[in-house]
1. What number in nm² do you get for chain B if you take the convex hull of its Cα atoms and divide its surface by four?
2. With the cut-off at 28 Å, report for region B:365-543 the share of all Cα pairs above it, as a whole percent.
3. Give me the Å³ per residue figure for the convex hull around the C-alpha atoms of region B:1-130.
4. Restricting things to alpha carbons, find the Rg to Rh ratio for region B:322-446 using the Kirkwood radius for Rh.
5. Evaluate the Debye formula for the protein assembly as shown with equal point scatterers sitting on the alpha carbons, no solvent, and hand back log10 of I(q)/I(0) at q = 0.05, 0.08, 0.09 Å⁻¹, in q order, two decimals.
6. Could you work out, for region A:44-180, what percent of all Cα-Cα pairs fall into each 10 Å distance bin, beginning at 0 Å and stopping at the bin that holds the largest distance?
7. Calculate the all-directions average of the projected area of region B:57-116's alpha-carbon convex hull, and give it in nm².
8. Quick check on region B:471-538: what are the equivalent-ellipsoid semi-axes from the Cα gyration tensor, as sqrt(5λ), descending, whole Å?
Amino acid sequence: MSAAAIISPPAAETIDDKLGSHTISLFVHDRPGVLVRVALVFARRGYNIESLVVSPAAAGGFSRMTITCSGDPATLDQIIRQLAKLVDVVRAIDHTGDAAYETEIALVKLEVHDEDRTQVLQIAEHFNAKVVDYATDSVMLRVYGGSEKLDALIGLLRPYGMSELVRSGKILMARGGRET
Amino acid sequence: MSVQIPTGAERLIQCLEREGVEYIFGLSGGAAMPLFDALVDSNIKLIMVRHEQGASHMADGYARATGKPGVVLVTSGPGATNTVTGLLTALMDSVPMIVLCGQTISPMLGKDAFQEADVTGITYPVVKHSYLVKRAEEIPLVAREAFHIASSGRPGPVLIDLPKDVTQGPCDAPFVDDVELPGYTVPNRADPEDISAAAELLKASKRPLLYVGHGAVISGAGKAIVSLAERLRAPMVNTLLGKGATDETHPLHLGMLGMHGTAYANKAVVDCDLIMSIGARWDDRITGKLDEFCVDAVKIHVDVDPAEFNKMVPLDLAILGDARLVVEDLLPQIEPADSEAWLAQCEDWRQRYPLKYPKQGGLRAQHVLDRLNDLTRGKAVITTDVGQHQMWAAQFCLSTSNRNWISSGGAGTMGFGFPAAIGAQFGQPEKEVWAVCGDGGFQMTQAELATAQNHKLPVKCLIINNNYLGMVRQWQELFYDNRYSGVDLEGNPDFVKLAQAFGVQAWRIKRPADVDRVLALAHEYDEGPCVVVAEVVKEDNVFPMIPAGAAVKDMLIEKPKAPMQKPTGST
């Protein structure tokens, strides 16, 4: 427990209440250093990026970044303006609360004993998770969907000896004719 | 006939010539040798400095005095890292600057080569943009983009890192005129609806105040702002960096606002019912305690950088655009406000709370600067360093024309004033240029006396010597119970002898009776640089003062009798 938490646990709780998770989508010029420039806008405030996905965009020479992070709305608004100001950032949009399709992939490895296997496979089936590796003393599952669904599945699997977890991070796209 | 293909370095220098570069401020080294070699055959004049920080502040002073980007050329590793303070200074104050850095050969990047530093990595937070050039054919495009980015919109420094194999290798890539930067747009004219909304708000105001910042200097909005003030019948105040955009001797001008601004400017801030920022970013030195800043006043903000909107204070109206164009578009819709009582009130404050200083008790910095103001009457370019002398110069040396006031505001960089004056003098050879420095800051870049002397540059340096880091000492006196720590500059050199050692003419002012005579000597002297050392009283304080984090209304006109709490605001 950190010193700050010992001194003021109630304050920490109130902050948590205020800090919702946000998903920011960036459309960037694909040039060396653009990822560092983006990361520094968060880092100079001591903000943590929770997940980050970078991939080529439909147009050549451009990339997509999908970033999730938590913070108070006023600061995040400022962060988005400062991201948009970067020479290599074409667009920066906070999609939180927007009509957007969101998804994520997770890979989960379980050191699962014989007596638990049926239970684990039942949970996996319920979440449409696919067994992608089946070994003597481990099982690997692949699941995709909304981040909340993945959180729920992982919560259920945790008691069964989850040894590794890799999540892709959230990606999203605005629905209809709206720009991402 | 064989055509010789230029080297990357030669191509880059040709690009700089096309950009209209007159001077490069630089210091050589191994990785920069191809670039220095290319300068031999160029019309661009190389101003060789004694330390790269000096070069960066010279380029900064040149840029602020002319509006054109200042150019720095340094070598890799320590040469490049020595410009970091200059980059921060330029970024914080929106100054167009190009820093060219030599770099190890590209196959050695990341291998801890001799004098290798990850310069683009080190400087990301202190540049508007930067480039690491990997192929010589990129040079013309990078150069054009760099100048475009540095000098347009909200200006700022751009760094170009140039591996030696790139500058040494051949480059016959054609020159570039137009750049395509889909992520970079430069606001120009504002939305007409925003202009009309501003006109409505101004019309309804009875106590309007125009708050003028560096953006007004950069866009040359001063003339339009004075017309706005006259037509609307509104007083003006300016920030430290807004000095000179509008004539500070204008009857509607209340001088500088903020932490050490005039009492009447700050009283106007407290009582106004509308405050309109024109290119000023509501800095913490201006607002003091945010919760109490202009709570009931309508707030309008004109800025070319949308990231500044609502950053510090919630706005009633944000107008995105170039300051000059916005104010010019606004003018036809302006009618006089019902503000005569307000103007009378401001005038009453001006009479009741003038800037003042004791006339007895030894030589005072304020006296020297007051007389310098009388001598130069706003005609000279004045640069300052950072500290008490800076605030006194801001209070007493009134600026009357654009780009005649050059000071490190956002970064508060000590060591800035003297090299900035050198750069300003190169940029404005016909003007009288004075650097006002403290004894602390001057020593940080004093080696540039050699640079000034080499070029017989008629720059004048006034050192306000109190043998202290005076501003920190003032805070220790006011807020730390007189516990002085790390402020005594015991061991200072004799600055007159120091200047003479560089072959520079120098005089000393010891008594108030010397002031006019010595300043006049320096004013007349045109054979090269000169130094005036004013040996002022050791312990003097800058007032008015709004302690950091206090509300503007809690401004101190003079030293309070009772001990004070430590300030809670930003530094």
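Computed from the coordinates by the stated procedures, all read-outs in this text should not be read as laboratory data. Given the structure is predicted, the values throughout are model-derived calculations rather than measurements. Reconstructed Cβ throughout: ideal geometry from the backbone, glycine too, with neighbour counts over all protein chains shown.
1. For chain B, the mean projected area of the Cα convex hull comes to 27.4 nm².
2. When every Cα pair of region B:365-543 is considered, 16 percent fall beyond 28 Å.
3. In region B:1-130, the Cα hull volume divided by residue count equals 112 Å³.
4. 1.07
5. Log-scaled intensity ratios, in q order: -0.31, -0.75, -0.92.
6. 10, 34, 27, 19, 9, 1
7. Average of the hull's projected areas for region B:57-116 equals 4.2 nm².
8. Result for region B:471-538: semi-axes of 31, 15, 9 Å.
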